[in-house]
Amino acid sequence: MAMIELGFGRQNFHPLKRKSSLLLKLIAVVFAVLLFCEFLIYYLAIFQCNWPEVKTTASDGEQATREPVLKAMFLADTHLLGEFLGHWLDKLRREWQMERAFQTALWLLQPEVVFILGDIFDEGKWSTPEAWADDVERFQKMFRHPSHVQLKVVAGNHDIGFHYEMNTYKVERFEKVFSSERLFSWKGINFVMVNSVALNGDGCGICSETEAELIEVSHRLNCSREVLWWLQPRLVLSGHTHSACEVHHGGRVPELSVPSFSWRNRNNPSFIMGSITPTDYTLSKCYLPREDVVLIIYCGVVGFLVVLTLTHFGLLASPFLSGLNLLGKRKTR
(Lines give C-alpha, C1' and ligand atoms only; values in the text may rest on other atoms or scores of the structure.)
Protein backbone atom coordinates (compact mmCIF):
# COMPACT_ATOMS: atom_id res chain seq x y z
CA MET A 1 0.00 0.00 0.00
CA ALA A 2 2.84 2.33 0.84
CA MET A 3 4.36 1.84 -2.60
CA ILE A 4 1.05 2.58 -4.32
CA GLU A 5 0.57 5.80 -2.34
CA LEU A 6 4.09 6.93 -3.14
CA GLY A 7 3.51 6.26 -6.82
CA PHE A 8 0.37 8.41 -6.90
CA GLY A 9 2.25 11.15 -5.04
CA ARG A 10 4.94 11.24 -7.73
CA GLN A 11 2.39 11.30 -10.51
CA ASN A 12 0.69 14.34 -8.95
CA PHE A 13 3.99 16.05 -8.23
CA HIS A 14 5.32 16.24 -11.79
CA PRO A 15 2.44 18.27 -13.34
CA LEU A 16 2.59 20.68 -10.40
CA LYS A 17 6.34 21.05 -10.84
CA ARG A 18 5.88 21.70 -14.56
CA LYS A 19 3.25 24.37 -13.89
CA SER A 20 5.49 26.07 -11.31
CA SER A 21 8.40 26.03 -13.76
CA LEU A 22 6.26 27.61 -16.48
CA LEU A 23 4.95 30.26 -14.10
CA LEU A 24 8.47 31.22 -13.02
CA LYS A 25 9.54 31.53 -16.65
CA LEU A 26 6.57 33.74 -17.48
CA ILE A 27 7.14 35.98 -14.45
CA ALA A 28 10.86 36.31 -15.28
CA VAL A 29 10.18 37.28 -18.91
CA VAL A 30 7.43 39.77 -17.99
CA PHE A 31 9.59 41.38 -15.29
CA ALA A 32 12.59 41.67 -17.63
CA VAL A 33 10.52 43.27 -20.41
CA LEU A 34 8.81 45.72 -18.06
CA LEU A 35 12.18 46.69 -16.57
CA PHE A 36 13.63 47.34 -20.01
CA CYS A 37 10.66 49.10 -21.65
CA GLU A 38 9.64 51.23 -18.68
CA PHE A 39 13.06 52.13 -17.22
CA LEU A 40 16.22 50.99 -19.00
CA ILE A 41 15.20 52.06 -22.50
CA TYR A 42 15.21 55.72 -21.40
CA TYR A 43 18.77 55.42 -20.14
CA LEU A 44 19.78 53.65 -23.36
CA ALA A 45 18.33 56.45 -25.52
CA ILE A 46 19.43 59.49 -23.51
CA PHE A 47 22.89 58.06 -22.77
CA GLN A 48 23.68 58.59 -26.45
CA CYS A 49 23.11 62.36 -26.09
CA ASN A 50 25.99 64.71 -25.32
CA TRP A 51 26.20 68.42 -24.70
CA PRO A 52 27.37 70.15 -27.89
CA GLU A 53 30.78 71.78 -27.90
CA VAL A 54 30.90 75.58 -27.88
CA LYS A 55 33.76 78.06 -28.13
CA THR A 56 34.59 79.23 -24.62
CA THR A 57 37.28 81.87 -25.25
CA ALA A 58 36.51 85.45 -26.16
CA SER A 59 39.01 88.09 -27.33
CA ASP A 60 38.94 91.47 -25.69
CA GLY A 61 41.61 93.37 -27.58
CA GLU A 62 44.84 91.53 -26.93
CA GLN A 63 43.52 89.62 -23.93
CA ALA A 64 41.57 86.34 -24.20
CA THR A 65 39.14 85.36 -21.45
CA ARG A 66 37.44 82.03 -20.85
CA GLU A 67 33.65 82.34 -20.82
CA PRO A 68 31.42 80.22 -18.60
CA VAL A 69 29.14 77.72 -20.38
CA LEU A 70 25.49 77.36 -19.39
CA LYS A 71 23.90 73.96 -20.02
CA ALA A 72 20.22 74.49 -20.87
CA MET A 73 17.49 72.02 -21.82
CA PHE A 74 14.52 73.15 -23.91
CA LEU A 75 11.35 71.09 -24.19
CA ALA A 76 7.80 71.91 -25.21
CA ASP A 77 4.19 70.78 -25.50
CA THR A 78 3.90 68.28 -22.67
CA HIS A 79 0.07 68.50 -22.85
CA LEU A 80 -0.81 66.88 -19.55
CA LEU A 81 -4.29 65.49 -20.13
CA GLY A 82 -7.23 66.87 -18.17
CA GLU A 83 -10.48 65.49 -16.82
CA PHE A 84 -12.53 65.80 -20.04
CA LEU A 85 -10.53 64.61 -23.04
CA GLY A 86 -8.01 62.23 -21.52
CA HIS A 87 -8.71 58.52 -21.04
CA TRP A 88 -7.14 57.27 -17.79
CA LEU A 89 -4.95 54.74 -19.63
CA ASP A 90 -3.80 57.34 -22.16
CA LYS A 91 -3.04 59.72 -19.31
CA LEU A 92 -1.14 57.10 -17.32
CA ARG A 93 0.94 55.96 -20.30
CA ARG A 94 1.93 59.38 -21.63
CA GLU A 95 2.66 60.93 -18.26
CA TRP A 96 4.78 57.97 -17.15
CA GLN A 97 6.76 58.29 -20.40
CA MET A 98 7.45 61.99 -19.81
CA GLU A 99 8.29 61.52 -16.14
CA ARG A 100 10.80 58.77 -16.84
CA ALA A 101 12.32 60.71 -19.75
CA PHE A 102 12.67 63.92 -17.72
CA GLN A 103 14.07 62.26 -14.60
CA THR A 104 16.52 60.20 -16.64
CA ALA A 105 17.68 63.30 -18.54
CA LEU A 106 18.24 65.17 -15.28
CA TRP A 107 20.31 62.30 -13.87
CA LEU A 108 22.41 61.64 -16.96
CA LEU A 109 22.85 65.11 -18.45
CA GLN A 110 22.87 67.34 -15.34
CA PRO A 111 21.43 70.52 -16.92
CA GLU A 112 21.60 73.80 -15.04
CA VAL A 113 18.33 75.22 -16.35
CA VAL A 114 15.29 73.69 -18.06
CA PHE A 115 12.82 75.70 -20.15
CA ILE A 116 9.35 74.36 -21.01
CA LEU A 117 8.01 76.37 -23.93
CA GLY A 118 4.26 76.34 -23.56
CA ASP A 119 1.26 74.01 -23.57
CA ILE A 120 2.15 72.38 -20.30
CA PHE A 121 -1.49 71.38 -19.84
CA ASP A 122 -3.93 70.19 -22.47
CA GLU A 123 -7.10 71.64 -20.92
CA GLY A 124 -5.83 74.61 -18.92
CA LYS A 125 -7.85 77.00 -21.06
CA TRP A 126 -11.14 75.62 -19.69
CA SER A 127 -10.30 73.52 -16.62
CA THR A 128 -12.15 74.07 -13.35
CA PRO A 129 -10.22 75.18 -10.24
CA GLU A 130 -10.32 71.61 -8.90
CA ALA A 131 -9.08 70.10 -12.18
CA TRP A 132 -6.39 72.80 -12.44
CA ALA A 133 -5.12 71.99 -8.94
CA ASP A 134 -4.96 68.28 -9.84
CA ASP A 135 -3.09 69.00 -13.10
CA VAL A 136 -0.57 71.21 -11.30
CA GLU A 137 0.04 68.56 -8.65
CA ARG A 138 0.73 65.92 -11.31
CA PHE A 139 3.04 68.29 -13.19
CA GLN A 140 5.06 69.04 -10.07
CA LYS A 141 5.48 65.32 -9.41
CA MET A 142 6.50 64.49 -12.98
CA PHE A 143 8.91 67.39 -13.40
CA ARG A 144 10.38 67.43 -9.91
CA HIS A 145 13.99 68.60 -9.88
CA PRO A 146 16.82 69.36 -7.48
CA SER A 147 17.00 72.83 -5.98
CA HIS A 148 20.14 73.69 -7.94
CA VAL A 149 18.31 73.16 -11.27
CA GLN A 150 16.22 76.09 -12.48
CA LEU A 151 12.87 75.29 -14.14
CA LYS A 152 11.37 78.08 -16.26
CA VAL A 153 7.91 77.75 -17.81
CA VAL A 154 6.26 79.83 -20.54
CA ALA A 155 2.49 79.88 -21.07
CA GLY A 156 0.94 78.38 -24.19
CA ASN A 157 -2.48 78.60 -25.78
CA HIS A 158 -3.64 75.37 -24.10
CA ASP A 159 -2.62 76.79 -20.72
CA ILE A 160 -4.47 80.11 -20.83
CA GLY A 161 -6.43 80.03 -24.08
CA PHE A 162 -5.96 81.60 -27.50
CA HIS A 163 -5.85 85.39 -27.77
CA TYR A 164 -9.64 85.61 -28.12
CA GLU A 165 -10.33 83.52 -24.98
CA MET A 166 -7.58 84.74 -22.65
CA ASN A 167 -8.61 86.61 -19.53
CA THR A 168 -6.99 87.98 -16.41
CA TYR A 169 -8.11 85.05 -14.26
CA LYS A 170 -6.46 82.41 -16.48
CA VAL A 171 -3.23 84.37 -16.81
CA GLU A 172 -2.97 85.08 -13.09
CA ARG A 173 -3.81 81.47 -12.24
CA PHE A 174 -0.95 80.32 -14.43
CA GLU A 175 1.51 82.92 -13.15
CA LYS A 176 0.64 82.11 -9.54
CA VAL A 177 2.10 78.64 -10.08
CA PHE A 178 4.87 79.34 -12.59
CA SER A 179 5.82 82.95 -11.83
CA SER A 180 5.42 85.99 -14.06
CA GLU A 181 9.16 86.36 -14.63
CA ARG A 182 9.94 87.89 -18.03
CA LEU A 183 13.72 88.26 -17.84
CA PHE A 184 16.05 85.57 -16.56
CA SER A 185 19.83 86.04 -16.49
CA TRP A 186 22.52 83.55 -15.61
CA LYS A 187 26.27 83.45 -16.35
CA GLY A 188 26.02 86.67 -18.32
CA ILE A 189 23.28 85.29 -20.62
CA ASN A 190 19.87 86.96 -20.85
CA PHE A 191 16.71 84.98 -21.56
CA VAL A 192 13.51 86.87 -22.39
CA MET A 193 10.35 84.80 -21.92
CA VAL A 194 7.42 86.05 -23.98
CA ASN A 195 3.82 84.86 -23.97
CA SER A 196 3.55 84.71 -27.75
CA VAL A 197 -0.19 83.90 -27.57
CA ALA A 198 -0.83 87.59 -27.13
CA LEU A 199 1.14 88.40 -30.28
CA ASN A 200 -1.37 86.49 -32.43
CA GLY A 201 -4.34 88.52 -31.35
CA ASP A 202 -6.75 90.93 -32.85
CA GLY A 203 -7.26 92.48 -29.42
CA CYS A 204 -5.40 95.80 -29.25
CA GLY A 205 -5.42 95.82 -25.47
CA ILE A 206 -3.57 92.54 -25.25
CA CYS A 207 -1.06 93.57 -27.92
CA SER A 208 -0.44 96.88 -26.19
CA GLU A 209 0.12 95.11 -22.89
CA THR A 210 2.61 92.71 -24.48
CA GLU A 211 4.41 95.59 -26.22
CA ALA A 212 4.64 97.44 -22.92
CA GLU A 213 6.18 94.38 -21.28
CA LEU A 214 8.74 94.09 -24.09
CA ILE A 215 9.63 97.76 -23.73
CA GLU A 216 10.09 97.31 -19.98
CA VAL A 217 12.35 94.30 -20.48
CA SER A 218 14.39 96.11 -23.13
CA HIS A 219 14.91 99.05 -20.78
CA ARG A 220 16.10 96.69 -18.07
CA LEU A 221 18.58 95.17 -20.52
CA ASN A 222 19.74 98.61 -21.62
CA CYS A 223 20.33 99.65 -18.03
CA SER A 224 22.36 96.54 -17.27
CA ARG A 225 24.47 96.25 -20.44
CA GLU A 226 23.98 99.67 -22.20
CA VAL A 227 24.08 97.95 -25.67
CA LEU A 228 20.44 97.31 -26.68
CA TRP A 229 17.65 99.72 -27.50
CA TRP A 230 15.16 97.03 -28.49
CA LEU A 231 15.22 93.26 -28.12
CA GLN A 232 17.74 91.94 -30.62
CA PRO A 233 17.94 88.21 -29.88
CA ARG A 234 20.64 86.04 -31.37
CA LEU A 235 18.35 83.00 -31.09
CA VAL A 236 14.60 82.39 -30.70
CA LEU A 237 13.22 79.09 -29.39
CA SER A 238 9.50 78.37 -29.48
CA GLY A 239 6.97 75.54 -29.12
CA HIS A 240 3.39 74.94 -30.35
CA THR A 241 4.08 73.15 -33.66
CA HIS A 242 5.01 69.79 -32.04
CA SER A 243 7.71 69.45 -34.71
CA ALA A 244 11.19 70.80 -35.32
CA CYS A 245 11.58 73.50 -37.93
CA GLU A 246 13.88 76.47 -38.41
CA VAL A 247 13.24 79.88 -39.93
CA HIS A 248 15.38 83.01 -40.14
CA HIS A 249 13.88 86.39 -39.36
CA GLY A 250 15.31 89.15 -41.47
CA GLY A 251 17.76 86.64 -42.84
CA ARG A 252 19.85 86.66 -39.67
CA VAL A 253 17.92 85.76 -36.47
CA PRO A 254 17.17 82.01 -36.37
CA GLU A 255 13.99 80.69 -34.75
CA LEU A 256 13.91 77.00 -33.85
CA SER A 257 10.65 75.25 -33.04
CA VAL A 258 11.14 72.65 -30.30
CA PRO A 259 9.36 69.29 -30.89
CA SER A 260 6.81 67.90 -28.46
CA PHE A 261 8.08 65.99 -25.43
CA SER A 262 5.08 63.63 -25.36
CA TRP A 263 4.28 60.36 -27.12
CA ARG A 264 0.76 61.65 -27.53
CA ASN A 265 1.94 64.21 -30.08
CA ARG A 266 4.92 62.43 -31.65
CA ASN A 267 6.11 58.88 -32.12
CA ASN A 268 9.68 60.14 -31.65
CA PRO A 269 9.62 62.96 -29.07
CA SER A 270 12.79 64.88 -28.34
CA PHE A 271 14.23 67.95 -26.65
CA ILE A 272 16.95 70.48 -27.38
CA MET A 273 20.25 70.70 -25.54
CA GLY A 274 22.05 74.02 -25.61
CA SER A 275 25.61 74.94 -24.59
CA ILE A 276 25.46 78.73 -24.29
CA THR A 277 27.99 81.46 -23.50
CA PRO A 278 27.52 85.24 -23.50
CA THR A 279 28.86 85.39 -27.06
CA ASP A 280 28.13 82.02 -28.66
CA TYR A 281 25.84 78.98 -28.55
CA THR A 282 25.55 75.48 -29.96
CA LEU A 283 22.43 73.31 -30.05
CA SER A 284 21.79 69.60 -30.47
CA LYS A 285 18.69 67.41 -30.40
CA CYS A 286 18.25 64.49 -28.02
CA TYR A 287 15.73 61.84 -29.05
CA LEU A 288 13.63 59.90 -26.58
CA PRO A 289 12.59 56.24 -27.12
CA ARG A 290 10.18 55.72 -30.01
CA GLU A 291 6.72 54.58 -28.99
CA ASP A 292 6.39 52.14 -31.90
CA VAL A 293 9.60 50.38 -30.85
CA VAL A 294 8.25 49.86 -27.33
CA LEU A 295 4.94 48.55 -28.70
CA ILE A 296 6.73 46.16 -31.06
CA ILE A 297 8.78 44.79 -28.16
CA TYR A 298 5.65 44.22 -26.09
CA CYS A 299 3.80 42.55 -28.97
CA GLY A 300 6.79 40.34 -29.72
CA VAL A 301 7.06 39.24 -26.10
CA VAL A 302 3.33 38.48 -25.90
CA GLY A 303 3.68 36.25 -28.98
CA PHE A 304 6.72 34.54 -27.46
CA LEU A 305 4.87 33.86 -24.19
CA VAL A 306 1.91 32.38 -26.05
CA VAL A 307 4.19 30.04 -28.01
CA LEU A 308 6.08 29.12 -24.82
CA THR A 309 2.85 28.28 -22.98
CA LEU A 310 1.38 26.22 -25.82
CA THR A 311 4.65 24.34 -26.26
CA HIS A 312 4.87 23.66 -22.53
CA PHE A 313 1.48 21.95 -22.50
CA GLY A 314 2.17 20.05 -25.70
CA LEU A 315 -0.36 21.99 -27.74
CA LEU A 316 2.34 23.22 -30.09
CA ALA A 317 5.46 21.40 -31.16
CA SER A 318 8.66 23.06 -30.04
CA PRO A 319 10.33 24.75 -33.02
CA PHE A 320 13.69 23.57 -31.75
CA LEU A 321 12.61 19.94 -31.45
CA SER A 322 10.86 20.10 -34.82
CA GLY A 323 14.07 21.31 -36.38
CA LEU A 324 16.06 18.48 -34.81
CA ASN A 325 13.53 15.88 -35.96
CA LEU A 326 13.59 17.26 -39.49
CA LEU A 327 17.37 17.23 -39.48
CA GLY A 328 17.40 13.62 -38.22
CA LYS A 329 15.06 12.48 -40.96
CA ARG A 330 17.28 14.00 -43.62
CA LYS A 331 20.35 12.21 -42.24
CA THR A 332 18.66 8.79 -42.26
CA ARG A 333 17.77 9.05 -45.94
Checklist outcome for this item: Scanning the range 297-333 residue by residue, those at pLDDT below 80, open to solvent by 60 Å² or more (accessible area, probe 1.4 Å) and in contact with a Leu (Cβ under 6 Å, 6 or more places away or on another chain) turn out to be L316
Next on the checklist: When you scan the range 146-158, do you find a residue that is assigned to a helix (DSSP H, G or I), in contact (Cβ under 8 Å) with a residue 24 or more places away in the chain and either among the aliphatic types (A, V, I, L, M) or open to solvent by 70 Å² or more (accessible area, probe 1.4 Å) (or both), even just one?
Outcome noted: no
Next on the checklist: Restricting to the range 111-131, and then to whatever is of a type in the set (D, E), part of a loop (DSSP other than H, G, I, E, B) and modelled with pLDDT under 95, can you tell me which residue is surrounded by the most Cβ atoms within 10 Å (Cβ to Cβ)?
Outcome noted: D119
Next on the checklist: Can you tell me how many residues within the range 69-105 are acidic (D, E) and either closer than 24 Å to N50 by Cβ or within 11 Å of the chain's Cα centre (by Cα) (or both)?
Outcome noted: 3
Next on the checklist: Quick test for you: out of R93, R100, pick the one residue that is at pLDDT 95 or above, open to solvent by 20 Å² or more (accessible area, probe 1.4 Å) and under 30 Å from Y298 (Cβ atoms).
Outcome noted: R100
Item to check | Hits in the range 255-277 - residues which are over 30 Å from L89 (Cα atoms), loosely packed, with under 15 Cβ neighbours inside 10 Å and of a type outside the set (D, E, K, R) | outcome: none
Checklist outcome for this item: Picked from the range 40-66 (must be touching a strand residue (DSSP E or B) at 6+ places or on another chain (Cβ under 7 Å), among the aliphatic types (A, V, I, L, M) and at pLDDT 95 or above), the residue surrounded by the most Cβ atoms within 10 Å (Cβ to Cβ) is I46
Checklist entry - What tally of residues in the range 112-161 results from selecting those that are farther than 18 Å from P259 by Cα and in contact with a Gly (Cβ under 9 Å, 6 or more places away or on another chain)? => result 11
Item to check | Selection from the range 269-296 of residues that are part of a loop (DSSP other than H, G, I, E, B) and at pLDDT below 95 | outcome: T277, P278, T279, D280
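The values are calculated or read from the model by the stated rules, or taken from the named source; none is laboratory data. Just so we're clear, the structure is a prediction, and the values are computed from it rather than from any experiment. Don't worry about glycine lacking a Cβ; one is built from the backbone with ideal geometry, like all the others, and counts go over all protein chains shown. Ligands, DNA and RNA are excluded from the accessible area calculation, which covers all protein heavy atoms including side chains. Shrake-Rupley method; radii C 1.70, N 1.55, O 1.52, S 1.80 Å.
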